[in-house]
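Notes follow the structure.
The values are calculated or read from the model by the stated rules, or taken from the named source; none is laboratory data. Model, not experiment: these values are computed from the prediction. All Cβ positions, glycine included, derive from the backbone under ideal geometry; neighbour counts span all protein chains shown.
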Amino acid sequence: NPVEEKYRKLAHGQLRGLVDPELKPNKEESQQIERLVSSPSDQLTLRDKDLLWKFRFTLTNTKKALTKFLLCVDWLEEHEVAQAARLLAQWRERAPIDVADAPKLLGPERSYQHELVRAFAVETLRGAKDGELLALDPREAAIEGERLLELLGLRPQPNTAGLGFGAAGQVEAA
């Protein structure tokens, strides 16, 4: 929408340039943030994105807020990407995402295509404990499996039966 793009460009410096790590949402803002974070939808309005960006430092204490935060980053703005990198490190320390949520960050959503996000997801999956990867939704795991193998630098090991994987489903380094 051209009108939204113009608004975003004009308001960008004022709304998005705010850097106050101590800024806390009021009760109404907290309720709106909670609704956004708990919603299964990834559709955010410009106001939603600006609200999440405004309180981005507070969000690092909430593991389920990460995917919504990533949707509000303007990946074409270097200073926002730099802040996202620092905030991802804080998320890892304060409220690491669940292994089950990491495959979503490997999905097709444009905001998840940045190498920073992909690396974060892969690092999360690499740190998974025994059994955590097996507990992933099989449909999601199957869809993301090929991308995950590629990102991990692995490829399926062919077998003579032509099944694509070795007898035990082994993979080998690419």
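Things to note:
- Pick from region 92-110, criterion small (Gly, Ala, Ser) and in a helix (DSSP H, G or I), ranking: modelled with the highest pLDDT: Ala102
- Residues of region 85-98 that are more than 22 Å from Asp74 (Cα to Cα) and more than 12 Å from the chain's Cα centre (by Cα): Glu93, Arg94, Ala95.
- Meets criteria (closer than 27 Å to Ala128 by Cβ and of a type in the set (Phe, Trp, Tyr)) for Phe69: yes
- In region 81-96, the residues that are in contact with a helix residue (DSSP H, G or I) (Cβ under 7 Å, 6 or more places away or on another chain) and either crowded, with 18+ Cβ neighbours inside 10 Å or among the small types (Gly, Ala, Ser) (or both): Ala84, Ala85, Leu87, Leu88, Trp91, Ala95
- Residue count for region 119-131 satisfying the condition of being surrounded by fewer than 16 Cβ atoms within 10 Å (Cβ to Cβ) and in contact with a Leu (Cβ under 9 Å, 6 or more places away or on another chain): 2.
- The listed residue being at pLDDT 90 or above, assigned to a helix (DSSP H, G or I) and among the small types (Gly, Ala, Ser), out of Ala89, Ala141: Ala89
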